[in-house]
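Visitor: This is the structure, below, for whatever I ask next.
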Amino acid sequence: MHFRYMLLLFVFVTSFDIALGQLFVNSEKQRDRLFEKALAAYRDGRYSEAEQQVLKSLKHDSLFIDANLLLYDISDELGNEGQKTDALKAVIEADSVNYPVCYRFLADIYFNNRQWMGALLNYEKYKNLKPRTDSAFIALRMASCRFIKASLGNPVDVKIHPLNIYINTFFDEYWPLVSADDRFLYFTRLIKHEGFAQEKLFVSEKRGDEWVPPVEMNGFQYDETNVGAVSLSADGQWLFFTACNKPGGMGSCDLFFSRKVNGRWMPFENIGAPVNGTSWEAQPSISADKQFLYFASNRKGGQGRMDLWRSKISLNADGLPVFSEPENLGEQVNTPQNDFSPFIHADGQTLYFASDGRIGMGGSDLFVTRFNSSYWSGPENLGYPVNSFSDDFGLTVSPTAQTAVFSSDRDISNNSKDLYTFLLPEKFQPLPAGYVKGFVFDETSGQHLEALLEIGLLDQDAKQQVFSTPSEGYLVTLTVDRLYSFNINKKGYLFYSHHFNLKTKTELARARQFDIYLTPIKIGQKVVLNNLFFDFDSYQLQEESFAELDQLVLFLRKNPKVEIEISGHTDNVGDEAYNQSLSENRAKVVVAYLEKTVSENRIKFKGYGATQPESDNESDEGRALNRRCEMKILKY
């Protein structure tokens with residue numbers, strides 16, 4: 001080739017490279033100008049204009065990192081999930097090492113769009129780049145992806161049903177509570193009107209298999225206060241609820257209390273310290289025995305954001321609750337995230353709650369944990385389809401476990417929270433429980449009486465007090481596999497003693513009417529001490545008997561003029577002299593216990609052997625009735 005042609009070719013190529021380089025420089029400048037316009041529009045909230053400009057910028061450089069990150073933010077504001085995904089993928093392609101968080105953002109999008117394997121893959125990539133401060137969250141999300149995949153392939157065998165149109169409306173309905181007798185449904189409804197929203201309490205009655213149109217609960221002065229999340233004691237006499245932004249409140253939301261007197265709720269009161277404070281306290285759940293108040297709070301000393309707490313309850317002289325310093329349920333139950341909506345079942349040991357800090361289906365899921373003497377068991381997820389990809393919370397279970405109701409926003413067609421019901425699977429059910437209800441009568445006049453029942457667990461050191469009112473009587477829940485005592489000490493009436501033995505047989509039906517008749521004190525009257533227990537063929541008192549004897553001491557203190565005889569009786573099996581000795585010794589050990597605190601000149605004892613049977617001795621049942629101790633009034 002001639003030098004002249006070579007020189008011409010060199011000049012041409014050099015000129016082309018200079019022009020191409022100038023073109024790249026001009027394109028980069030134009031790219032940056034468009035990006036700056038997009039950024040200015042984004043900062044001013046002009047998102048559509050910002051989108052147009054940043055897309056033009058990306059036409060000059062599709063892997064321009066700053067522009068793709070801005071496009072992600074703009075698309076987030078505009079709700080364009082597909083464009084968000086493309087922007088993150090472009091950043092990862094350009095520089096995944098310096099922008100690993102894009103893997104997490106991409107995984108979050110997949111997770112929220114129910115693409116579990118895509119989410120798991122990108123969480124894995126994000127985790128493997130290097131240790132992160134959010135490693136616990138990532139591990140939780142990865143475990144949830146695997147849990148969801150397994151749950152969808154093996155769903156729990158339940159049918160979820162929305163409640164009827166009287167309950168579920170275009171408003172939000174949540175925080176349900178089913179009464180102990182399955183008769184009433186209490187819930188919170190968020191009323192929206194002309195831009196103003198207010199939470200109110202409603203109640204519906206069950207007739208047949210349907211809930212009737214609910215009515216707003218009366219007796220509450222709402223003004224501009226939000227009121228909701230009601231909890232009712234099993235006997236229907238105590239009511240707790242949450243009120244937020246109430247003038248004079250201690251925090252943003254506080255717990256309030258009211259009790260029923262003569263069929264009417266008294267003005268509600270802030271329960272005060274130590275339960276309420278400057279923090280947020282809400283969602284109360286009172287145990288059936290009135291021993292504990294469970295609630296959710298973001299107070300200091302917890303495991304995370306919202307935690308579950310409980311306060312032990314005692315009674316003051318007026319029968320009103322007094323609350324101890326709350327205790328956190330601990331890291332076995334609570335997580336660093338939100339744990340809330342506690343519901344303690346009538347069995348006293350099964351706790352249902354919601355959490356968004358555990359392996360689950362997404363949003364908040366429903367869990368169950370059980371108290372075993374001194375600790376809570378590891379919470380179990382109630383599984384799919386009880387838990388959905390949305391927020392599920394506020395589970396309430398009736399004592400019979402026949403009615404389970406919870407809140408969820410799973411139905412995206414109506415864009416509201418609704419109430420749903422289902423039959424609780426056996427593995428998640430509490431101990432079987434039922435309730436006893438009735439009135440206390442004056443045996444002579446037939447009139448209803450006001451009386452205080454003491455319900456005891458004879459094999460445990462546990463008691464609860466239940467008021468029976470003349471207008472509404474009493475209601476108490478009982479759980480199988482336990483031995484209960486029923487005692488009443490009312491001045492001027494004979495000591496009342498009864499027991500329900502649910503350890504060896506289900507004596508208690510799921511619902512039972514049990515009226516109690518008190519006998520005015522008269523000389524010569526007798527009371528069988530039903531809750532005294534002796535070792536077989538022995539006069540050694542069993543420990544379960546002490547609660548009954550303490551009630552008898554209380555009777556004698558309330559009636560200081562009374563003098564009594566304690567008598568022992570046997571069936572006719574065995575030697576007559578032996579039975580006489582056994583009956584006398586049993587009466588004697590009862591008197592010895594009473595005389596520790598009661599003057600000995602008020603108490604006598606006598607053994608009658610088999611001479612005064614209560615029933616025939618031809619059956620096991622008859623002989624059991626004849627083996628007894630009695631109290632007889634000698635002087636009044």
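Every read-out reported here was derived from the displayed coordinates using simple, explicitly stated rules and does not represent laboratory data. All of these numbers come straight from a predicted model, not from anything done at the bench. Cβ: placed from backbone, ideal geometry, glycine included. Neighbour counts: every protein chain shown.
Visitor: Each residue of the range 316-322 in turn: what ³J(HN,Hα) in whole Hz from Karplus with 6.51, -1.76, 1.60 and θ = phi - 60°, glycine and Pro shown as x?
Guide: Taking θ as phi minus 60°, the curve returns 8, 5, 8, x, 9, x, 10 Hz for the range 316-322.
Visitor: Just to confirm my understanding: which cysteines in the chain have no other cysteine beta carbon less than 4.7 Å from their beta carbon?
Guide: Among the cysteines of the chain, those whose Cβ sits 4.7 Å or more from every other are 102, 145, 629.
Visitor: Provide the packing ranking of 384-392, 61-69, i.e. peptides ordered by the mean count of other C-beta atoms within 10 Å per residue, highest first.
Guide: Result, highest mean first: 384-392, 61-69.
Visitor: List the residues whose amide H sits under 5 Å from the amide H of residue 249, counting only those 5 or more places along or on another chain, with H placed 1.01 Å from N in the peptide plane.
Guide: Amide H neighbours of residue 249, under 5 Å, 5+ apart: none.
Visitor: How do 497, 231 line up, fewest other C-beta atoms within 10 Å first?
Guide: If I rank by nearby Cβ atoms, fewest first, I get 497, 231.
Visitor: With Kirkwood's inverse mean 1/r over C-alpha pairs for Rh, give me the Rg to Rh ratio of the range 480-577, two decimals please.
Guide: Here the Rg-to-Rh quotient is 1.00.
Visitor: Continuing with the same structure: Let me make sure I get this right: for the range 168-314, a, b and c are the square roots of the gyration tensor eigenvalues over alpha carbons, sorted descending. Under 1.5 in a/c it's rounded, otherwise prolate if a/b > b/c, else oblate. Which is it?
Guide: Taking the square roots of the gyration eigenvalues as a ≥ b ≥ c, the range 168-314 is oblate.
Visitor: Same structure again: Using a simple charge model, +1 on the beta-carbon of Lys and Arg, -1 on the beta-carbon of Asp and Glu, nothing else, what dipole does the range 522-636 show about its Cα centre, in debye to the nearest 20?
Guide: 940
Visitor: Next up: Karplus couplings for the range 476-486 from phi (6.51 cos²θ - 1.76 cosθ + 1.60, θ = phi - 60°), rounded to Hz, Gly and Pro as x?
Guide: Along the range 476-486, the couplings run 9, 9, 10, 10, 5, 6, 9, 10, 10, 10, 10 Hz.
Visitor: Ranking request for peptides 171-182, 433-444: highest mean number of other beta-carbon atoms within 10 Å first, then the rest in descending order.
Guide: 171-182, 433-444
Visitor: Moving on. Test of the criteria: in the range 530-636, which GluC sites (Glu not before Pro) are in a DSSP loop and have at most 12 other Cβ atoms within 10 angstrom of their Cβ?
Guide: Passing sites in the range 530-636 are 618.
Visitor: Sorted by mean Cβ packing within 10 Å, highest first, what order do the peptides 394-401, 309-316, 373-380, 328-335 take?
Guide: 394-401, 328-335, 309-316, 373-380
Visitor: What value in Å³ per residue do you get for the convex hull of the alpha-carbon atoms in the range 34-153?
Guide: 104
Visitor: Here is a follow-up. Please check which bits of the range 453-486 a label hung off residue 543 would reach, taking the label as a point 7 Å along Cα-to-C-beta and the cut-off as backbone N under 12 Å.
Guide: Counting backbone N atoms under 12 Å from the label point, the list is 458-462.
Visitor: To continue, here is another question. Given the -39500 (n - 2.57) contribution per DSSP H run of 4+ residues, what per-residue ellipticity at 222 nm results for the chain, rounded to the nearest 500 deg cm²/dmol?
Guide: -9000 deg cm²/dmol
Visitor: Compute the normalised compactness of the range 432-520: alpha-carbon radius of gyration over 2.2 N^0.38 Å, N being the residue count.
Guide: Taking N as the residue count of the range 432-520, the ratio is 1.07.
Visitor: Is the C-alpha gyration tensor of the range 139-208 telling us rounded, prolate or oblate? Criteria: a/c under 1.5 is rounded; beyond that, a/b larger than b/c is prolate, otherwise oblate.
Guide: oblate
Visitor: Another question about this same structure. For a test of the definition: using alpha carbon positions, the gyration tensor, and the 1.5 limit on a/c, classify the range 168-428 as rounded, prolate or oblate.
Guide: Values: a/c = 1.24, a/b = 1.04, b/c = 1.20.
Taking the square roots of the gyration eigenvalues as a ≥ b ≥ c, the range 168-428 is rounded.
Visitor: Further question on the same structure: For the chain, build the charge dipole from Cβ charges (+1 Lys, Arg; -1 Asp, Glu) around the Cα centre, then report which of 486, 270, 585 sits farthest towards its positive end.
Guide: 270
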